[in-house]
Ligand code: SAH
Ligand code: SF4
């Protein structure tokens, strides 16, 4: 598939007010262009009475040169620039905190609404690989998450809301722009090489916005990322995996975490709705959708190592049986503890023994390095500090305290 992606726009409805009317109806509310896919932007320009190719031009200014001021868009006529200025804006979400670690890891906290529960985080993790320096950005898709996996601090926050496309792509925009602040416009480039949708939230439960954002990531007029370098991670929303297979070609990661239904029901509750057999079958369908040119030669299996819970050699054997017909690469993730977490991280020896069992059975199995510890940056565990926010967190803390009390009273 070409990385120049064209999507059918949801806004072709002739009943919709024109962009000019939309903007003047709410004098203060300008239309934010940042989160529009090419097809949406083309549609927008056509409704303004302009040529479609303007969309590509503006996309390049926004996503490749990080220009937010229409006045700087020199290949666009003064008249159109003035019109755009009046009606539109290019706006990434507000950065309320950022931290750049000594090891190159960068973290941003964004405010995406009012109140304490409206913060999301994005982490950039650099690493050397055979193709050079990789910069992987871990992007959030929702504020909080409804799925409540038992080892995940985001889940403990409960679900607040879906992020909009401009808030999702805005994370990539800010990360790229952070390397270009002092670079003259004409010399600017894009630094982020890989994106993983592994921040806060379940991306397949915010499907449309995530899809729009991934179209922008792949689009040559925007980030032009290789489809193999954009990975969507899901805890297993089976029908949406099938829909994704139809809509876009990106790499897929599955948060497995348990090799049998009984344990997975406990750790990843969505398993009660879509048990392992269904999930593995959906992964097979995803891989088989396209031929060799796709990003789908295998799925990545993520497996968080929880001490004494899912890390025995028996679990490794179950995993070998479960995955024997699925082309996959396994990534073992040392558990990232957070306040009041009812789990501990498996010891290094236990993780290595688990890895060896899988490697001996012919699987490619790696152990995720924990990085950015000095700024508390770890994918999937982004807002540990805000875990106490919601009632669910309160109830959960009570449950843990009760359990600790029972264990104490039993000596
Ligand atoms: N909701 C999606 C994507 C976000 S979570 C999903 O679950 O796949 C990204 C990854 O981080 C998942 O594999 C998740 O299980 C993992 N994760 C969550 N909490 C973690 C923790 N405390 N320590 C290590 N990994 C964690
Ligand atoms: Fe949600 Fe993923 Fe955390 Fe589960 S692991 S609660 S799906 S963010």
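Observations
- Strands (runs of 3 or more DSSP E) (entirely within region 131-199) containing at least 1 residues that are surrounded by fewer than 24 Cβ atoms within 10 Å (Cβ to Cβ) and away from ligand 1 (no atom under 16 Å from the Cβ): 132-138
- Some residue of region 58-76 being modelled with pLDDT of 95 or more, at positive phi and assigned to a loop (DSSP other than H, G, I, E, B): yes
- Residue within region 290-297 that is touching a helix residue (DSSP H, G or I) at 6+ places or on another chain (Cβ under 9 Å) and either without any contact (Cβ under 8 Å) to a residue 12 or more places away in the chain or not in a loop (DSSP other than H, G, I, E, B) (or both) present: no
- Extreme residue, nearest to the chain's Cα centre (by Cα), among residues of region 25-45 that are modelled with pLDDT of 95 or more and part of a loop (DSSP other than H, G, I, E, B): 35
- Some residue of region 313-324 being within 19 Å of residue 355 (Cβ to Cβ), assigned to a loop (DSSP other than H, G, I, E, B) and out of contact with any strand residue (DSSP E or B) (no Cβ under 9 Å at 6 or more places or on another chain): yes
- Of all residues in region 218-250, those that are within 24 Å of residue 66 (Cβ to Cβ), out of contact with any strand residue (DSSP E or B) (no Cβ under 6 Å at 6 or more places or on another chain) and within 16 Å of ligand 1 (Cβ to nearest atom) total 0.
- Residue check, residue 242 within 21 Å of residue 137 (Cβ to Cβ), modelled with pLDDT of 95 or more and surrounded by fewer than 19 Cβ atoms within 10 Å (Cβ to Cβ): no
- Test: residue in region 352-359 that is modelled with pLDDT of 95 or more and part of a loop (DSSP other than H, G, I, E, B): no
- Verdict on residue 22 being at pLDDT 95 or above and assigned to a helix (DSSP H, G or I): no
- For residue 119, the conditions (1) over 19 Å from residue 195 (Cα atoms); (2) surrounded by fewer than 18 Cβ atoms within 10 Å (Cβ to Cβ); (3) at pLDDT below 95 all hold with the exception of (2).
- Hey, residue 301 touching a strand residue (DSSP E or B) at 6+ places or on another chain (Cβ under 9 Å), under 19 Å from residue 245 (Cβ atoms) and within 15 Å of ligand 1 (Cβ to nearest atom) or not: yes
- Condition check for residue 254: part of a helix (DSSP H, G or I) and either within 20 Å of residue 367 (Cα to Cα) or more than 15 Å from ligand 1 (Cβ to nearest atom) (or both): no
- Scanning region 196-220 for residues that are closer than 23 Å to residue 131 by Cα and either in contact (Cβ under 8 Å) with a residue 60 or more places away in the chain or away from ligand 2 (no atom under 16 Å from the Cβ) (or both) yields 196, 198, 214, 217, 218, 219, 220.
- In region 40-82, residue farthest from residue 190 (Cα to Cα) [restricted to those that are in contact (Cβ under 8 Å) with a residue 60 or more places away in the chain and crowded, with 21+ Cβ neighbours inside 10 Å]: 40
- One residue from 403, 321 being at pLDDT 55 or above, loosely packed, with under 14 Cβ neighbours inside 10 Å and over 23 Å from the mean Cα position of the chain (by Cα): 321
- Whether a residue is without any contact (Cβ under 8 Å) to a residue 60 or more places away in the chain, over 19 Å from residue 333 (Cα atoms) and more than 20 Å from the chain's Cα centre (by Cα) was assessed, and residue 240 does not pass this test.
The values are calculated or read from the model by the stated rules, or taken from the named source; none is laboratory data. Bear in mind that the values here come from a model prediction, so they are computed numbers and not experimental data. Cβ atoms come from the backbone with ideal geometry, glycine included; neighbour counts cover every protein chain shown.
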